[in-house]
Amino acid sequence: MQSLPLQRPGVSVLHPDIKSRSRRGIYAYAVSLISGIQQAGFRTGLVTDLAASPDLDVCAIARDIALPSARKVSALRALPAYVRHQWRHTAPSLAITAHEVRACEHHDAYLEQVDDFLNLPGFYELCRLAGNKPGLPAANTDFVDQHGYKVVFTSTPMAVQGRQVKLIQTVHDLIILNENVHDLDRAKFQRRLQACMRHADIVVAVSHYTRQEILQRYPEAEARVVVAHQPLPADPLTIERSLDPGLQAATLQKFGLQSGRFIFYVGAVETRKNVARLVRAFAHSKAASHCQLVIAGPVDEHYVRQEGIAHLFQPASSDRDSSALAVRYIGRVSDTEKLCLLRQARLFAFPSITEGFGLPVLEAQSMGCPVLTSNTSALREVAAQSAVLIDDPTDTDEITAKLDLLTFDDRLHAQKSAEGTINAQRFHRDKFAERLREIIAMVC
């Protein structure tokens, strides 16, 4: 089913994490990107890759995104399809009008912002193959042009190229190149980044910090690298739900917490996030006699074992009351629960070593929760003076002192709550949409 002729300029979005189960930072950015492009006045296409079948329609695509299978395609199986695609001997792509997605039983809400699904079977596997295997050219994106889409916008660096379309790629950070991570992962990211910097007409960095990191490696690209700050991702309905006093009370009751009597951290528990130092700093703080430290998010098991804090992240045994523990791990929380907890926490602690942006800081501030974070990387850019800043996040004593300061100084607490709320408005989705309009106009 072909889409109608375009009445507005078309921008297609490549979202390789479209079927991600974790739905963390880059996934949230992709959702904001789709909404922002639509709000900026462009017809919005989302590239999908469902296998061709007689039942291929808008609801089949929506269901494949909402309920993805865990099936992986090996490089050996993907290679013939990659070769056919590069030589244009591939299955034809389809533009399927997405306006009826609201009627589908299974669909993610952000898909209601999409005008067309641009479906090319197996396309994201081809992109992954091009990025993972040395020597393979970047995957061709020109197929979107036949559907009237003249711009391709990626949510993360990808090994893609286009001769008939303009290409805008997003870079969130270069942390993987600087951290002690698996060499294979680093090499794969390096290939995707190199393809991005070679083929993109515009490279969007989500912070000035990330832009400088890019230019240190690719100084010749200065004219092509621009900044668009990531917006707050929470949708209005989730925010509205989190305002409900009854739902806030129910969330506190679910986790056995008291309003204003816990310090909250939400995010990955891993080396870069500095959670072990936060735990140790809290253990030596006066705040520990007044509040619990509550941690939510996915856990790197190797990291917590290495740091000697794995016992804190074990399921509560039946013979102890977990609600009485000084440090509480509550697992993963829903978006609504997260916002409710941020509204009820004494403060949000986020002493990360390095960030390409720092979205959790803004989420907390938008809920009126005072923030303690690091005076490093993009965090100083995002938080500015609206948070209490840790000059050296590797200094446990400084973290301890700043925890106590923000916990017990009521005047400072109120000040940072008010300043944070104002600061969060700098990253409103309307401003993101306007910035996207300016960036897309650079290539149209």
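The values are calculated or read from the model by the stated rules, or taken from the named source; none is laboratory data. These figures come from a predicted structure and were not determined experimentally. Heads up, the Cβs are rebuilt from the backbone with ideal geometry, glycines too, and the neighbour counts pull from every protein chain shown. With ligands, DNA and RNA removed, areas are computed over all heavy atoms of the protein, side chains included. Shrake-Rupley method; radii C 1.70, N 1.55, O 1.52, S 1.80 Å.
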Mean accessible area per residue over the chain (1.4 angstrom probe, all protein chains present, square angstrom) is 45
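On a full-extension model of 0.36 nm per residue, what is the gain between LEU243 and ASP391, subtracting their alpha-carbon distance, rounded to one decimal in nm? Working shown, then result.
On the way: separation 148, 0.36 × 148 = 53.28 nm, distance 3.35 nm.
Taking LEU243 through ASP391 to full extension adds about 49.9 nm, to one decimal.
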Enumerate the calculated ³J(HN,Hα) couplings along the range 405-421 in order (Karplus 6.51 cos²θ - 1.76 cosθ + 1.60, θ = phi - 60°), each rounded to whole Hz, writing x wherever the residue is Gly or Pro.
4, 6, 6, 9, 8, 5, 5, 5, 4, 5, 5, 6, 5, 5, 5, x, 4
Quick check: Cα centre of the range 36-66 to Cα centre of the range 261-295, how many Å?
41
Per-residue HN-Hα couplings for the range 168-178 [Karplus 6.51, -1.76, 1.60; θ = phi - 60°; Hz; x = Gly/Pro]
10, 10, 9, 10, 8, 6, 10, 4, 4, 7, 9
Quick one: pull the percentage of alpha-carbon pairs in the chain with a separation above 44 Å.
14
Which of the aspartates and glutamates could be linked to LYS166 by a straight reach, that is with a Cα gap under 15 Å, when you skip same-chain ones fewer than 8 residues away?
ASP142, ASP145, ASP201, GLU438
Separation in nanometres of the label points that stand 7 Å from Cα toward Cβ, at HIS311 and THR421:
4.2
What helix-only [θ] at 222 nm does the chain give? Using -39500 (n - 2.57) per DSSP H run of at least 4, over all residues, to the nearest 500, the answer is -11500 deg cm²/dmol
Once the range 386-444 is represented by equal point scatterers at the alpha-carbon sites, with solvent omitted, what log10 I(q)/I(0) does the Debye formula produce at q = 0.22 Å⁻¹?
-0.86
Helix 335-344 sits off the longest principal axis of the Cα atoms of the chain, rounded to the nearest 10 on a 0 to 90 degree scale, by 30
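Quick one: which of LYS19/LYS273; LYS338/LYS402; LYS286/LYS402; LYS273/LYS402 span more than 19 angstrom between C-alpha atoms? Can you show the working numbers first?
Working: LYS19/LYS273 25 Å; LYS338/LYS402 23 Å; LYS286/LYS402 11 Å; LYS273/LYS402 17 Å.
From LYS19/LYS273; LYS338/LYS402; LYS286/LYS402; LYS273/LYS402, over 19 Å: LYS19/LYS273; LYS338/LYS402.
Run through the range 174-269 and list the trypsin sites (Lys or Arg not before Pro) located in a DSSP loop whose Cβ has at most 15 other Cβ atoms within 10 Å. Please report the intermediate quantities before stating the final value.
Values: sites: ARG186, LYS188, ARG191, ARG192, ARG198, ARG211, ARG217, ARG224, ARG241, LYS254, ARG261; in loops: ARG261.
Hits after loop and neighbour filter: ARG261.
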Could you please state how large a percent of the accessible area of the range 371-444 is carbon and sulfur, counting protein chains only and using a 1.4 Å probe?
52
On full extension of the chain, what length is gained from ASP430 through ASP410, given 0.36 nm per residue of separation minus the C-alpha to C-alpha distance?
3.9 nm
Could you give each residue of the range 30-46 its phi-based ³J(HN,Hα) in whole Hz, using Karplus coefficients 6.51, -1.76, 1.60 with θ = phi - 60°, and x for Gly or Pro?
4, 5, 5, 5, 4, 5, x, 5, 4, 5, 6, x, 9, 5, 10, x, 10
The set of cysteines in the chain having no other cysteine's C-beta under 4.7 Å reads CYS127, CYS196, CYS291, CYS340, CYS369, CYS444
Environment charge of PRO233, counting only residues whose C-beta is closer than 9 Å and scoring Lys/Arg +1, Asp/Glu -1
-2
What are the aspartates and glutamates whose alpha-carbon lies under 13 Å from the alpha-carbon of LYS431, with same-chain residues fewer than 8 places away excluded?
none
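Per the Kirkwood formula on distinct C-alpha pairs, the Rh of the range 128-259 is how many angstrom?
Details: mean 1/r = 0.0575 Å⁻¹.
Over the range 128-259, the inverse of the mean reciprocal pair distance is 17.4 Å.
Only Cα pairs under 8 Å and at least 6 apart count here; give the relative contact order of the range 253-411 as a rounded whole percent. Write down the numbers at each step before the final one.
Working: 271 pairs, mean separation 42.4, N = 159.
Reported relative contact order: 27 percent.
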Expressed as an acute angle from 0 to 90° and rounded to the nearest 10, what is the orientation of the C-alpha long axis of helix 123-132 relative to the principal long axis of the chain?
70
Helix axis angle, 245-255 relative to the chain longest principal axis, alpha carbon, degrees
80
Find which of GLY356, SER386, GLY331 sits farthest along the positive direction of the dipole of the range 291-401, computed with +1 on the beta-carbon of Lys and Arg, -1 on that of Asp and Glu, about the Cα centre.
GLY331
Amide H of VAL327 versus every other amide H placed in the peptide plane: which residues, excluding those fewer than 5 positions away on the same chain, fall under 5 Å?
LEU293
Residue-count net charge about ILE37 - beta-carbon cut-off 15 Å; Lys, Arg +1, Asp, Glu -1
+2
How much of the accessible area of the range 110-152, probe 1.4 Å, is carbon plus sulfur, in whole percent?
49
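Please tell me the relative contact order of the chain in percent, rounded to the nearest whole number, where contacts are Cα pairs under 8 Å and at least six residues apart. Show your work: numbers first, answer last.
On the way: 824 pairs, mean separation 63.4, N = 444.
Across the chain, relative contact order equals 14 percent.
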